[in-house]
Amino acid sequence: MNQAKRRIMVVDDHYIFRNGLMVLLQDMEHVELAGQASSGEEFLEKVNELKPDIVFMDIQMPGISGIEATRQAMKQNPELKVVALSMFGESQYLDEMLQAGAIGYLLKDIGWQDLTKAIQNISEGKGYFSEEMLIQVTRKVYARKEEEQLRAVISRFTKRELEILDLVCKGFSNNEIAAKLEISPRTVGGHRNNLLTKTGLPNSAALVSFALKNKLVA
């Protein structure tokens, strides 16, 4: 059974790169060139007429950026599969492109094998990222999970525990905190232990560092 060809469009303001990518694509099996555009504006004018399945989209272009062009095109055609193209290894545009609707993110030095694999994956509805970008995506996911876990821990602090944490950070002893809050030193110690248990920290010094790092105290 013959695999259907995927209509691919290339959008990039650099003539040499745009045409070089088109040359690579035209020699690929199961690929049909839908067309090209040198700007976000030209892409938006042509996309409905050319009806590409996959669009390789440069991010940084004069006028309408690849991010905005993707956002507008996806509103009209949610089934469109957009792959971001970037000269940069930084992830500064990654979130914006994904939020705009991109399904992949490739650096422009991508090789033949990676390009073939990208087209195959994206044709199947899967995402595809250059290795450098995949590492950064993974880091972002872990950072996001850590942030969520941190918020969950902090949300479990009681008002009294936060009061005591503030005084601990200011260098007050258990007896001094007890006198200020008009509670027993034993109760203060209990709240300290609760804070250590909830955060998983070993001692009060680590607790102070945690509070300052996460701006829990002024």
Note: GLU79 to MET28 extended length (0.36 nm per residue) minus current alpha-carbon separation gives 16.1 nm
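Given the pairs LYS159/LYS215; LYS117/LYS140; LYS117/LYS145; LYS5/LYS108, which are separated by over 20 angstrom at their Cα positions?
Working: LYS159/LYS215 16 Å; LYS117/LYS140 23 Å; LYS117/LYS145 29 Å; LYS5/LYS108 23 Å.
As for pairs spanning more than 20 Å Cα to Cα, those are LYS117/LYS140; LYS117/LYS145; LYS5/LYS108.
Can you work out the FRET efficiency for the pair ASP114 and ARG139, with r the C-beta to C-beta distance and R0 = 25 Å, to the nearest 0.05? The partial results should precede the final answer.
Values: r = 20 Å, r/R0 = 0.81.
So, using R0 = 25 Å, E works out to roughly 0.80.
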Under a 1.4 Å probe, counting only protein heavy atoms, VAL47 has an accessible area in Å², nearest 10, of 10 Å²
Reported to the nearest 10 Å², LYS180 has, with a 1.4 Å probe, an accessible area equal to 120 Å²
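Taking all protein chains as present, what is the carbon and sulfur share of the accessible area of the chain, in % to the nearest whole number, probe 1.4 Å?
Numbers: 6330 of 12550 Å².
Of all accessible area on the chain, carbon and sulfur atoms account for 50 percent.
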Phi angles of region 67-77, converted by Karplus (6.51 cos²θ - 1.76 cosθ + 1.60, θ = phi - 60°) into ³J(HN,Hα) in whole Hz with x for Gly and Pro, give 5, 5, 4, 5, 4, 5, 5, 5, 5, 7, 9
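Using helices alone, I'd like the mean residue ellipticity at 222 nm for the chain: each DSSP H run of four-plus residues gives -39500 (n - 2.57), total over residue count, nearest 500. Don't skip to the end; give the middle numbers.
Values: 10 runs with 122 residues, N = 218.
The helix-only estimate for the chain comes to -17500 deg cm²/dmol at 222 nm.
Please compute the length gained on full extension between ALA179 and ASN214, using 0.36 nm multiplied by the number of residues separating them and subtracting their Cα-Cα distance. The partial results should precede the final answer.
Values: separation 35, 0.36 × 35 = 12.60 nm, distance 2.71 nm.
Result: 9.9 nm gained on full extension.
Local charge sum around SER173 (other residues, Cβ-Cβ under 12 Å, Lys/Arg +1, Asp/Glu -1)?
That works out to +2.
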When every protein chain stays in place and a 1.4 Å probe is rolled, TYR128, TYR15 sorted by accessible area with the largest first are TYR15, TYR128
As a Kirkwood estimate from alpha-carbon pairs, region 155-218 has a hydrodynamic radius in angstrom of 11.6 Å
Over all viewing directions the Cα convex hull of the chain casts an average projected area in nm² of 16.9 nm²
Dividing the mean separation of Cα pairs under 8 Å (6+ apart) by the residue count of the chain yields a relative contact order in percent of 12 percent
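For region 46-105, calculate the relative contact order in percent as a whole number, restricting contacts to Cα pairs under 8 Å that are 6 or more residues apart.
For region 46-105, the relative contact order is 37 percent.
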For region 31-45, Karplus-derived ³J(HN,Hα) couplings (6.51, -1.76, 1.60; θ = phi - 60°; whole Hz; x for glycine and proline) come out as 10, 10, 6, 7, x, 8, 8, 9, 7, x, 4, 5, 4, 5, 6
Kirkwood calc, region 15-107, C-alpha pairs only, radius in angstrom 13.4 Å
For ARG7 the rounded accessible area (nearest 10 Å², probe 1.4 Å, non-protein molecules ignored) is 60 Å²
Largest-first ranking of ARG71, ARG186 by accessible area, probe 1.4 Å, whole protein assembly kept, is ARG186, ARG71
The Kirkwood hydrodynamic radius of region 91-218, taken as the inverse of the mean 1/r over all distinct Cα pairs, in Å, comes to 18.2 Å
Against the 2.2 N^0.38 Å rule of thumb, the C-alpha Rg of region 98-148 sits at a ratio of 1.26
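The values are calculated or read from the model by the stated rules, or taken from the named source; none is laboratory data. Keep in mind that this is a model prediction, so the values were computed, not measured. We place every Cβ from the backbone using ideal geometry, glycine too, and count neighbours over all the protein chains shown. In case anyone asks, the SASA skips ligands and DNA or RNA and just uses the protein heavy atoms, side chains included. Shrake-Rupley method; radii C 1.70, N 1.55, O 1.52, S 1.80 Å.
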